1. Between L9 and K37, what is 0.36 nm times their sequence separation minus the Cα-Cα distance? Round to one decimal in nm.
2. If I model a spin label at A25 and E73 as a point 7 Å from the Cα along the Cα→Cβ vector, what separation in nanometres do I get?
3. With a 10 Å cut-off between alpha carbons and a GNM built on the chain, which of T56, T100, T44 moves the most?
4. Each label point is 7 Å from the Cα along the Cα-to-Cβ direction; what then is the distance between the points at T100 and K87, in nm?
5. Extent of region 1-80 along each principal axis, from alpha carbon coordinates, in Å, largest to smallest?
6. Just to be sure I understand: with springs between alpha-carbon atoms less than 10 Å apart, which residue in K49, K39, K99 has the highest mean-square fluctuation in the Gaussian network model of the chain?
7. Label-point separation (nm) for Y59 and L18, each offset 7 Å from Cα along Cα-to-Cβ?
8. Helix 78-87 against the longest principal axis of the chain: what's the angle in degrees, Cα atoms only, rounded to the nearest 10?
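Every number here is computed from the coordinates shown, using simple stated rules; none is lab data. Only a predicted model underlies this, so the values are computations on that prediction, with no experimental measurement involved. In this analysis, Cβ positions are derived from the backbone assuming ideal geometry, glycine residues included, and neighbour counts consider all displayed protein chains.
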Amino acid sequence: MSPSYFVSLVENLKRTYLVKEICQALQVPISTYYRWKKKGFTRTTVENKVGKLCKTYHYTYGYRKIAALMKQEENIGINQVQRIMQKHSWQCQVKVKRKTLSVVCPEKGHLQITLP
């Protein structure tokens, strides 16, 4: 269960149950709930910029290329870009490689067949 979902669940259930009871039932310490609640889960400006770049390039660029593009605007590390992309599932989509089969026929010569 993600922290943001847990906080919203407790906020909905706390009208009928105590926060302590909800946390005990879900086996999450109360201090952890209040830490998650205090933290907030809104996207930062850096996350928005990374998301915008990923969307612009149709998720074909990896974290290294996105980090290089981000460095033109502001100082940001590769690892931070990678963490942001992994957190939001913005990793580049790998192109599927197809196997080719080469067959030599004496009558027709050299044939190449692409398998699905």
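1. Gain on extension, L9 to K37, equals 8.9 nm.
2. Label at A25, label at E73, 4.3 nm between them.
3. Top of the fluctuation ranking is T100.
4. Taking the simple label geometry, T100 and K87 are separated by 4.3 nm.
5. 50, 23, 18
6. K99
7. With each label placed 7 Å out from Cα toward Cβ, I get 4.5 nm.
8. It works out to around 80 degrees.
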